[in-house]
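The numbers here are math on the coordinates, done by the rules we state, and not lab data. Nothing here was measured: the structure is a model prediction, and the numbers come from that model. Cβ placement follows ideal geometry from the backbone for every residue including glycine, while neighbour counts extend to all protein chains displayed.
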Amino acid sequence: MREWRDDPCPGHDRTRSWIRPRTHRNPGGAEKWKYVINGSKIFISNGQLADLFIVAVRTSSPERPHDGISLLLVPSDSPGFARGRNLEKIGLHAQDTSEIFFDDCRVPAENLLGEENRGFAHMMQNLQQERLFLALVRWPMHPVR
């Protein structure tokens with residue numbers, strides 16, 4: 001049973017990293033190698049509408065907490081993938097925000113985005129541009145005094 005928690009990152013371990021869903025590679029017999037994801041994500045923009053998700057998962061346990069993160073393309077029709085409820089928000093009602101769950105969610109190895117264990121570096125590559133864009137988008141919403 002899924003339930004709402006006040007903690008935005010259930011099971012979050014601040015000493016290791018902010019990426020909670022874990023995965024392992026599993027030979028599927030006659031199938032190709034697959035990633036098997038277990039865990040959940042919250043505050044996912046357009047989670048009710050999206051057909052494809054880019055999910056940051058822990059693929060190894062290195063000494064440095066930002067290493068060992070990989071990005072996987074997860075179709076919404078993947079076995080073991082489930083959408084949670086649409087979260088209520090104070091603003092930005094034009095898009096939904098929801099939870100997503102992974103219960104032995106199998107993803108083909110070819111759905112790896114970028115290099116394995118380099119997902120954090122891939123995410124940080126355009127962070128400054130994204131921050132600037134968000135600041136420019138939010139500026140008209142700023143109250144005039």
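Want the number for Glu115 to Glu63: 0.36 nm per residue separation, take away the alpha-carbon distance, what's left? Write down the numbers at each step before the final one.
Numbers: separation 52, 0.36 × 52 = 18.72 nm, distance 1.84 nm.
16.9 nm is the gain from fully extending Glu115 to Glu63.
Applying the Karplus relation 6.51 cos²θ - 1.76 cosθ + 1.60 with θ = phi - 60° to the range 107-122 yields 3J(HN,Hα) values of 10, x, 4, 6, 8, 5, 9, x, 8, 5, 6, 10, x, 5, 4, 5 Hz, where x marks Gly and Pro.
What shape does the range 22-141 have by the C-alpha gyration tensor, where a ≥ b ≥ c are the square roots of the eigenvalues, rounded means a/c under 1.5, and otherwise prolate means a/b greater than b/c and oblate the rest?
Values: a/c = 2.42, a/b = 1.42, b/c = 1.71.
Oblate.
When Lys41, Lys89 are arranged by Cβ crowding within 10 Å, least crowded first, meaning fewest neighbours, the order is Lys89, Lys41.
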